[in-house]
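Data first, discussion second: the structure below is written as structure tokens.
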Amino acid sequence: VQKFVTLTGDLGTARKAASTFATVASATGSNVGDVAQASASISNQFGLKTNEEIKDVLTSLTFQGKQGAFELSDAASQFQRLAAAGASFGLSGAKGVKTIGGLAQIARTGTGSAEQTTTAIENIFTNLVAKSALLKQQGVNVYDKTGKTRDVTEVLIESIVKSGKGNFEKKGQILQKVFGDQGIRGVRPLMAKYQTTFQGVRDKGGSEAEATAAGIARLREEIEKSVNAPGAWNEVQKDAAQA
């Protein structure tokens, strides 16, 4: 409770959510203080203020971790940094939390630790803004017509697809310039899936347009699978009871 209150000043929500923090910590093998601190960061950065909203996103993060490589026991201690990175790009609400959790799952397969995953995510968000002019040269708009950042998953997909087009050596060089040495580690797992799918279609005689469409579909599928991991609160309670 004190961890949550220190970051939010919200004692009422902390008291109501204390059992939620404890249940999630038991279910995932996380430190309960880290779970409370992660929840406080989510509350501050993404505008989620009720126990039910917090329970919903913690359930999603739990099942993202069970399905992927970045378990909540690792993510909880890093979520203050992850939440700040996502909020800086304009992510908000429950969807924003689930998006950043899903991207972290993908990035974790290309990095060696929870800390490196978090650094990669921070660099992805920072460099999408800092290198927006370079991306625009490739036909990728980071901002919409009103000047707001576009959906980060769409920007990432377009960056991978449009940079260098069908020339994968050039694509890799451009994306390296965009995301830097740290950020590129979080993007490479998606780049690899796109290239494998693209070349598979071309090897079977498909056109470049068909290969591109298949590659885009594969990227959307991978991101959707990571972001919207299925799972319900009663399953978290079962895991906690078993633990």
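The values are calculated or read from the model by the stated rules, or taken from the named source; none is laboratory data. Worth saying up front: this structure is predicted, and the values here are computed from it rather than measured. Neighbour counts are summed over all protein chains in view; Cβ atoms, including those assigned to glycine, are modelled from backbone coordinates with ideal geometry. When the accessible area is computed, the model is the full protein with side chains, heavy atoms only, and any ligands, DNA or RNA have been set aside. Shrake-Rupley method; radii C 1.70, N 1.55, O 1.52, S 1.80 Å.
Structural remarks
- Criterion violated by Gly139 - all others in (1) loosely packed, with under 13 Cβ neighbours inside 10 Å; (2) within 23 Å of the chain's Cα centre (by Cα); (3) at pLDDT 95 or above satisfied: (2)
Yes/no matrix, rows are residues, columns are (1) touching a Leu at 6+ places or on another chain (Cβ under 7 Å); (2) buried (at least 18 other Cβ atoms within 10 Å of the Cβ); (3) more than 30 Å from Ala27 (Cα to Cα):
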{"residue": "Ile184", "(1), (2), (3)": "yes, yes, yes"}
{"residue": "Gly215", "(1), (2), (3)": "no, yes, yes"}
{"residue": "Ile223", "(1), (2), (3)": "no, yes, no"}
{"residue": "Val227", "(1), (2), (3)": "no, yes, no"}
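- Test: residue in the range 100-119 that is open to solvent by less than 50 Å² (accessible area, probe 1.4 Å), farther than 17 Å from Ile184 by Cα and touching a residue at least 12 places away in the same chain (Cβ under 8 Å): yes
- Matching entry among Asp10, Asp74 (being closer than 15 Å to Ile100 by Cα and either free of Cβ contacts under 8 Å to residues at least 12 places away in the same chain or open to solvent by 40 Å² or more (accessible area, probe 1.4 Å) (or both)): Asp74
- Of all residue pairs spaced 6 or more apart or on separate chains, those with beta-carbon atoms under 8 Å, a first member in the range 142-163 that is crowded, with 16+ Cβ neighbours inside 10 Å and a second member that is basic (Lys, Arg) and not in a helix (DSSP H, G or I) are Val142/Arg150.
- In the range 31-55, the qualifying residues are those that are more than 13 Å from Lys3 (Cβ to Cβ), among the charged types (D, E, K, R) and assigned to a helix (DSSP H, G or I), and the one that is least open to solvent (accessible area, probe 1.4 Å) is Lys55.
- Every residue from the range 185-202 that is polar (S, T, N, Q) and more than 24 Å from the chain's Cα centre (by Cα): Gln199
- Condition met for Gly231 (modelled with pLDDT under 95, open to solvent by less than 70 Å² (accessible area, probe 1.4 Å) and closer than 30 Å to Asn31 by Cβ): yes
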